[in-house]
1. Somewhere in the stretch 28-45, is a residue open to solvent by 90 Å² or more (accessible area, probe 1.4 Å), modelled with pLDDT of 90 or more, within 25 Å of Lys57 (Cα to Cα) and out of contact with any Asp or Glu (no Cβ under 6 Å at 6 or more places or on another chain)?
2. In the stretch 47-69, what residues are in a helix (DSSP H, G or I), among the small types (Gly, Ala, Ser) and either touching a residue at least 24 places away in the same chain (Cβ under 8 Å) or under 20 Å from Met1 (Cβ atoms) (or both)?
3. Within the stretch 16-27, work out how many residues are open to solvent by 90 Å² or more (accessible area, probe 1.4 Å) and either of a type outside the set (Phe, Trp, Tyr) or touching a residue at least 60 places away in the same chain (Cβ under 8 Å) (or both).
Amino acid sequence: MLKTIGYILFLISCLAFMMILIVPWIGFSKIQIAVIMTGLVIVSEACFYISLIILGKTFWIKIKSKFRFLKVKNDNPEPPDQSS
């Protein structure tokens, strides 16, 4: 049951981040957009961290492994050319 709650909180956090992209086109005033977006960021961050606390280190490792492709591997590092 607790894992299910953790996954639901993670899903809510993902949906809240996606809603940030949609809010500017709904038709609110600038102040309302700023307030809604700030609230969505706070809710999504809180849900994400609470889900990490519930689901544990193994879930965090799974998330990090999905983004390993962003890390650039440089097997043959060469110093920059210093000739001027």
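1. So far as the stretch 28-45 goes, yes, one or more of its residues are open to solvent by 90 Å² or more (accessible area, probe 1.4 Å), modelled with pLDDT of 90 or more, within 25 Å of Lys57 (Cα to Cα) and out of contact with any Asp or Glu (no Cβ under 6 Å at 6 or more places or on another chain).
2. Start the filter on the stretch 47-69 by keeping residues that are in a helix (DSSP H, G or I), which leaves 47-55, 57-66, 68-69.
Still in the running and among the small types (Gly, Ala, Ser): 51, 65.
Across the stretch 47-69, the qualifying residue is only Ser51.
3. The number of residues fulfilling the criteria is 3.
The values are calculated or read from the model by the stated rules, or taken from the named source; none is laboratory data. If you're wondering where the values come from, they're calculated on a predicted model, not measured in any experiment. Ideal geometry is used to build each Cβ from the backbone, glycine not excepted, and the neighbour counts take in all protein chains shown. To get the accessible areas, we keep the full protein, side chains included, count just its heavy atoms, and leave off ligands, DNA and RNA. Shrake-Rupley method; radii C 1.70, N 1.55, O 1.52, S 1.80 Å.
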